[in-house]
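This report concerns only the one structure given below.
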Amino acid sequence: MQTAIAYNGTQVKQGGTKEDISKGFKLWVDLVNPSPTEISEIRKTFNLDGSALETLINKSKKPQVRVLENHKFTIILDIRYKTFENLVTESIYLFHSTEWLITVHSENVDLMTNVQLLFEQKNKKVMEATIDALYYNILTEITGGYELLLTSIELAISDFGKRSLTKRATNKILEQLDTLTRQIIVLRRHFWKTREIMNFLTHMEQDKDEIIYLQIAHDNINDVIELVESFRDTINSTRDLYLASISMQMNDTMRILTIFTAVLLPLTLIPGIYGMYALDLTNIGTIPTGFLVVIFTMIIMATLLFWYFKRKQWIMSRDKDQTVQEE
């Protein structure tokens with residue numbers, strides 16, 4: 001699908017053509033999932049670079065900017081959070097000249113809404129400025145969306161920290177943290193490349209009045225890089241918290257086993273001392289007094305041990321801890 005908008009300081013015209021440029025208009029052409037025929041036509045109409053179009057056809061997802069003979073070619077990624085294991089990346093290809101701007105992307109990317117909003121609000125600074133203002137504004141909108149992406153990732157990291165405290169630690173949580181760490185590394189590299197694009201454009205076009213829009217995009221990408229750098233420490237802290245939770249679970253297990261051993265040891269020691277020959281299983285109705293003494297002794301010792309462990313809060317203390325937390 002192709003949408004062409006011609007505009008100047010006072011007018012916005014839908015269905016613009018290249019001929020409108022000679023009448024003082026700037027032209028923006030937005031291509032959504034273009035067919036090979038549409039790509040061929042747009043190449044002939046605007047004399048687009050063949051190698052740049054080949055990169056588009058190959059659906060490259062490497063952020064870059066090229067200064068060509070009569071226009072610039074830029075690739076930038078729109079990244080959205082789906083799950084911590086799956087980030088949706090969509091390439092946006094921009095062909096930018098002094099009089100026209102061509103954007104190519106999939107239907108999953110919406111550039112039209114923001115641009116139409118600018119025109120509906122009669123943004124004079126954008127409409128009266130050169131086509132560079134619209135080009136920079138689109139870059140700013142895309143980099144601004146990275147903050148929403150990182151907010152979703154930050155909430156995911158916070159959820160991992162909460163799960164490590166409230167749920168029993170499992171190897172699955174550690175694997176998910178490793179996956180999230182790899183995603184952070186990929187995002188950091190992408191943001192670095194995007195910042196290189198902004199630095200290049202800023203230094204190359206610093207004499208233009210519209211550079212203020214590009215500086216906003218540059219500030220946006222610097223902010224998200226600082227934020228994503230902080231995620232590494234946060235994930236490491238969450239991983240340490242998870243490992244500490246595993247250690248606590250192991251300590252609890254060993255404590256319970258030790259308690260059972262401490263309780264059972266005197267219970268097995270006493271029968272070993274007194275022996276079990278005093279009880280005639282063929283005459284169960286007659287129970288020797290010594291046997292009863294042994295049984296009562298064992299019950300008393302077990303009761304005293306349980307009372308002592310409970311008093312030391314070695315056992316049966318979890319409910320009390322939870323009550324304190326709820327209060």
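Which residue is modelled with the highest pLDDT, if the candidates are limited to region 111-135 and must be among the charged types (D, E, K, R) and part of a helix (DSSP H, G or I)? Among those that are among the charged types (D, E, K, R) and part of a helix (DSSP H, G or I), it is Asp132. A single entry from Ser60, Ser35 fulfils the requirement of being under 30 Å from Glu154 (Cα atoms) and either surrounded by 11 or more Cβ atoms within 10 Å (Cβ to Cβ) or without any contact (Cβ under 8 Å) to a residue 12 or more places away in the chain (or both): Ser60. Scanning region 1-25 for residues that are farther than 18 Å from Tyr135 by Cβ and not in a helix (DSSP H, G or I) returns Met1, Gln2, Thr10, Gln11, Lys13, Gln14, Gly15, Thr17, Gly24. Considering every residue within region 69-81, establish whether at least one is part of a helix (DSSP H, G or I), assigned by TED's automatic domain parsing to the domain that holds Ile184 and out of contact with any Asp or Glu (no Cβ under 6 Å at 6 or more places or on another chain). There is no residue in region 69-81 that is part of a helix (DSSP H, G or I), assigned by TED's automatic domain parsing to the domain that holds Ile184 and out of contact with any Asp or Glu (no Cβ under 6 Å at 6 or more places or on another chain). Just so you know, in region 5-24 the residues that are crowded, with 18+ Cβ neighbours inside 10 Å and out of contact with any helix residue (DSSP H, G or I) (no Cβ under 9 Å at 6 or more places or on another chain) include one that is farthest from Ser106 (Cα to Cα), and it is Asp20. Are any residues in region 98-118 surrounded by fewer than 19 Cβ atoms within 10 Å (Cβ to Cβ) and either touching a Cys at 6+ places or on another chain (Cβ under 7 Å) or not aliphatic (A, V, I, L, M) (or both), and if so, which ones? Correct list: Thr98, Glu99, Ser106, Glu107, Asn108, Asp110, Thr113, Asn114, Gln116.
A single entry from Ser91, Ser51 fulfils the requirement of being of a type in the set (S, T, N, Q), under 22 Å from Asn199 (Cα atoms) and not in a loop (DSSP other than H, G, I, E, B): Ser91.
The values are calculated or read from the model by the stated rules, or taken from the named source; none is laboratory data. As the structure is a prediction and not an experimental result, all values here were calculated from the model. Here the Cβ is made from the backbone with ideal geometry for all residues, glycine too, and neighbour counts use every protein chain on show.
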